[in-house]
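*Asks:* Can you read through this structure? Questions will come right after.
The values are calculated or read from the model by the stated rules, or taken from the named source; none is laboratory data. All values derive from a computational prediction rather than experimental measurement. As a convention, Cβ positions derive from the backbone with ideal geometry for all residues, glycine included, and neighbour counts pool all protein chains shown.
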Amino acid sequence: MGGLRISRYNRVTFTYSFVNKDGMEYCVQKQTDTGAGVETVKYIWDNKNILQQYDITTEAQYNYQPQAYGNLVSQHQDSESSYYHYDGNFSTTALTDTSEVETDTYKYTAFGKQTILTGTTENPFTYKGEIGYLYDEQTGLFTLRARDYNPDQARFTSEDPIGLDSGESNFYSYVANDPVNVVDPSGLAKVECNYKRRSVRLQQWLYKTKKFDCNSLSKQKCCEDETPTEHDGRYHWSLVSSKWIGQPYSSPSTLPTSAP
């Protein structure tokens, strides 16, 4: 299956194919007519996540912690590695290099329009990047796996293919106009972000002391009435397996058995 989009500058053609056992069709190829020729980029998927994008050689490789949608940790391209840092709503706020030096920063509106960008690192995972929203700079659209989302219009560019089964009567609506509390990583149905958000003070403590893996900060949960030392180590709460997972820097302390 293919699709043609007219970008801000050139004609861009996307090809879709089945990529996983769920029978989902995702974008596997992008061709851009530059006027001087056609540039082709292909995507390799692992179930619902992009592992690599390449032309003749590998352009970028992405590394994740195991999770159905994203939990992107780092990317490697042009012999350089970058590590992702997120806010409490899954959006990329910064990239750091292997020396922990901040190279790029980002800020957005609630619906994903970029308001601040510093740095020059190529990075398609910006707004909601932790869960795999893929930004295409030429079209200005985010690919949410099954559909494209337009942050300028705050809506999808096509109808929801599952129709009323999505729970919405407006088939172009994005997260029922509640982007702070709801996400849609599949492009098919909204998912509530119902985990308890941490206080800014606790986030700063975790980052400064490096008691947690800072690349996954937005998925690590601590109750505000518990001291951070009770969660010593690189543990985070998994929404998929409903348990604390990760690798500690030292022998693990006692961890809660339920979600914060």
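*Asks:* In region 16-65, what residues are assigned to a loop (DSSP other than H, G, I, E, B) and either surrounded by 15 or more Cβ atoms within 10 Å (Cβ to Cβ) or at positive phi (or both)?
*Replies:* Filtering region 16-65 down to residues assigned to a loop (DSSP other than H, G, I, E, B) leaves 19-24, 34-37, 47-48, 55-57, 65.
Val19, Gly23, Met24, Gly35, Gly37, Asn47, Lys48, Gln65, listed by residue number.
*Asks:* Checking Tyr69 against (1) among the hydroxyl-bearing types (Ser, Thr, Tyr); (2) surrounded by 17 or more Cβ atoms within 10 Å (Cβ to Cβ); (3) within 13 Å of Glu122 (Cα to Cα), which single condition isn't satisfied?
*Replies:* Tallying (1) among the hydroxyl-bearing types (Ser, Thr, Tyr); (2) surrounded by 17 or more Cβ atoms within 10 Å (Cβ to Cβ); (3) within 13 Å of Glu122 (Cα to Cα), Tyr69 fails exactly one: (3).
*Asks:* Separate question: Checking Thr120 against (1) surrounded by fewer than 20 Cβ atoms within 10 Å (Cβ to Cβ); (2) under 20 Å from Asn150 (Cα atoms), only one condition comes out false. Which one?
*Replies:* So the condition that Thr120 fails would be (2).
*Asks:* Name, by its number, the condition in (1) in contact with a Phe, Trp or Tyr (Cβ under 7 Å, 6 or more places away or on another chain); (2) more than 24 Å from Thr115 (Cα to Cα) that does not hold for Ser158.
*Replies:* Exception for Ser158: condition (1).
*Asks:* I'd like to verify a number: residues in region 35-49 that are aliphatic (A, V, I, L, M) and within 30 Å of Lys21 (Cβ to Cβ), how many?
*Replies:* Of the residues in region 35-49, 2 are aliphatic (A, V, I, L, M) and within 30 Å of Lys21 (Cβ to Cβ).
Table: residues versus (1) part of a loop (DSSP other than H, G, I, E, B); (2) of a type outside the set (S, T, N, Q).
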| position | (1), (2) |
| --- | --- |
| Ile116 | no, yes |
| Glu122 | yes, yes |
| Phe125 | yes, yes |
| Glu130 | no, yes |
| Ala146 | yes, yes |
| Gln153 | yes, no |
| Asp160 | yes, yes |
| Glu168 | yes, yes |
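*Asks:* Say whether the condition of being in contact with a His (Cβ under 6 Å, 6 or more places away or on another chain) and among the aliphatic types (A, V, I, L, M) is met by at least one residue in region 93-113.
*Replies:* Scanning region 93-113, I find at least one residue that is in contact with a His (Cβ under 6 Å, 6 or more places away or on another chain) and among the aliphatic types (A, V, I, L, M), so the answer is yes.
*Asks:* Which members of region 74-90 meet the condition of being out of contact with any Leu (no Cβ under 8 Å at 6 or more places or on another chain), modelled with pLDDT of 95 or more and within 25 Å of Pro179 (Cβ to Cβ)?
*Replies:* Answer for region 74-90, where residues must be out of contact with any Leu (no Cβ under 8 Å at 6 or more places or on another chain), modelled with pLDDT of 95 or more and within 25 Å of Pro179 (Cβ to Cβ): just Gln75.
*Asks:* State the number of residues belonging to region 85-126 that are aliphatic (A, V, I, L, M) and under 21 Å from Asp184 (Cα atoms). Break it down into steps so the answer makes sense when it comes.
*Replies:* Kept after step one, since they are aliphatic (A, V, I, L, M), are these residues of region 85-126: 94-95, 101, 110, 116-117.
Now restrict to residues that are under 21 Å from Asp184 (Cα atoms): 110.
The total comes to 1.
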